[in-house]
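In what follows, a single structure is set out as structure tokens and then discussed.
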Amino acid sequence: MSTATLRVIAPAAADMPRRRVHVCFVAPYAWPVLSGDPNLKVVGGAEVQQAILGRLLAANGYRVSMVTYDFGQPHRVVVDGIEVFKACAEAQGIPVLRFLHPRLTRMWRALREADADIYYQRSAAMWTAVVAEFCRRHGRRSVYAGASDRDFDRGQEQIRYARDRWLYRRGLARVDRIVVQNPYQLATCRQNHGRDGILIPSCYPDPARRASSANERILWVGSMHPYKRPEWLLELAERLPHRRFVLIGGPSIGGERVKAGYYDEIRSRAAGLANVEFTGFLPLAEVERRFDEARLLVSTSVFEGMPNVFLQAWARGVPTVATVDTGAPVNTVVAGVPEAAERIERLFTDRELWAAASADCLDYYRRNHSPQEVLARYARLFEELAR
């Protein structure tokens, strides 16, 4: 980790004057993303978004903090203007009993120590209830942000234990505001939970490079989970042996259980295809470089919210071909592998079609997902809550 962007905070720093609104991101798994430590192989979409938003707010005059699990970092550090407090390690404590201590006790203590005006938590989890209760007891404001279309579908939330699902729903009913990513989440939040959400698109910083029609690689990026269906990408590679595919992602962690050996099955099958490069887990910075070399991005998921990988692609003018509809008109939605293969071939052989799709993606990104646009929407929300 870079000493240029990380420093230990002395206790007296808690007394520093606030600048505008103080927002605390409650993001247990975000430290690996925020620190950029390549030895911590945890890169989740919700965590990437919170790191992006945290940096964006800090760079624009907000006081920003974050509460994460203990990954071995010092207790209070600053990374890119974000003051990070750590709770316990995820596996710390005695099973069953650790739900209360040290998880709840250490998290509650970290929330108090952060002493923010607004607490922001993203992705369905029992922490939604904890944040909502903490804010009610201490006169602070709470925001829950959806990360997946399943977050607002009762019975479909990606939460393993019934106890945690109950807590999540309780928290969803008690938070001050709910942020959603797309019209589907807006509708299901109202229909299934009786709450009106605020639609604020996900954010991605403007990259330095743009896509080129000379690029040859077709990317697939995500965790190896059955709902993301990486095996469909391998079927595409079998249908299109003259195209080059890159499969990026590590084993799925947290949330729902994944059958033993799933990751190894995908890796073994990919090894048998000459036109597939299987990278396994890559640090976020390395994934960024792979997008600079991409011609297309393929998504084979059953469901998503607004995947960060789509934003990484569109910001460079890389078209997407997907089996999931995110509500974005620039995303080409296909029913299955045969239709995806046909669309991919057209985007390779018809250069004018690719150029038009590339330009549309870039324009859509700038109008909806650029830092300037997202910051303006969050600024209105935070200022209204702070009043």
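The values are calculated or read from the model by the stated rules, or taken from the named source; none is laboratory data. Treat the numbers as computed from the prediction; the structure is a model and nothing was measured. Cβ: placed from backbone, ideal geometry, glycine included. Neighbour counts: every protein chain shown. Quick note on the areas: whole protein, heavy atoms, side chains included, nothing else; ligands and nucleic acids left out. Shrake-Rupley method; radii C 1.70, N 1.55, O 1.52, S 1.80 Å.
Observations on the structure shown:
- Rounded tilt (10° steps) of 230-239 against the dominant C-alpha axis of the chain: 10 degrees
- FRET efficiency for the pair residue 325 and residue 346, taken as 1/(1 + (r/R0)^6) with r the Cβ-Cβ distance and R0 = 22 Å, rounds to 0.70.
- Where labels lie 7 Å past Cα in the beta-carbon direction, separation of residue 379 and residue 356 in nm: 3.7 nm
- The C-alpha atoms of the chain define a longest principal axis, and helix 337-349 lies at about 70 degrees to it.
- Residues of the range 270-303 with amide N under 20 Å of the 7 Å Cα→Cβ point at residue 214: 289-297
- Along the range 89-103 the Karplus relation, 6.51 cos²θ - 1.76 cosθ + 1.60 evaluated at θ = phi - 60°, assigns HN-Hα couplings of 6, 4, 8, 6, x, 8, x, 6, 5, 5, 4, 7, 9, x, 4 Hz to successive residues, with x for each Gly and Pro.
- Cα long-axis angle, helix 105-114 against the chain (0 to 90 degrees, to the nearest 10): 80 degrees
- With the simple spin-label model, which puts each label point 7 Å out from Cα in the Cβ direction, the residue 136 to residue 244 separation comes to 5.6 nm.
- Over the range 174-282, relative contact order from alpha-carbon pairs under 8 Å, at least 6 apart, %: 22 percent
- Expected 222 nm ellipticity per residue - DSSP helices of 4 or more, -39500 (n - 2.57), all of the chain, to 500: -11500 deg cm²/dmol
- Relative contact order (%) - the chain, alpha-carbon pairs under 8 angstrom, separation at least six: 14 percent
- Apportionment of accessible area to carbon and sulfur, the chain, percent (1.4 Å): 50 percent
- Fluctuation leader among 91, 357, 328 - the chain, Gaussian network, Cα springs under 10 angstrom: 91
- In Å, descending, principal axis extents of the Cα set of the range 34-154: 40, 32, 31
- Extension gain, residue 101-residue 176: 0.36 nm per intervening residue step, less the Cα-Cα distance, totals 24.3 nm.
- Net charge contributed by nearby residues that have their C-beta within less than 12 Å of residue 31 (K/R +1, D/E -1): -3
- Max mean-square fluctuation residue, GNM over the chain, Cα-Cα springs under 10 Å, options 202, 148, 370: 370
- Compared with the rule-of-thumb size 2.2 N^0.38 Å for a compact globular protein, the range 227-377 has a Cα radius of gyration ratio of 1.06.
- Span from the the range 280-323 Cα centroid across to the the range 87-123 one, whole angstrom: 32 Å
- Cα-based radius of gyration for the range 13-92, normalised by 2.2 N^0.38 Å, reads 1.05.
- Added length on full extension, which subtracts the Cα-Cα distance from 0.36 nm per residue, residue 162 to residue 333: 58.2 nm
- For the chain, built as a Gaussian network whose Cα springs stay under 10 Å, the top-fluctuating residue of 326, 279, 188: 279
- By definition, a body whose alpha carbon gyration tensor gives a ≥ b ≥ c is prolate when a/c is 1.5 or more and a/b is larger than b/c, and the chain fits this prolate description.
- The simple spin-label model puts a point 7 Å past each Cα toward its Cβ; for residue 273 and residue 386 those points are separated by 4.9 nm.
- Per-selection Rg to Rh, the range 293-362 - Cα, Kirkwood hydrodynamic radius: 0.93
- Our Cα-only numbers for the range 188-282 put the radius of gyration and Dmax at 17.5, 51 Å.
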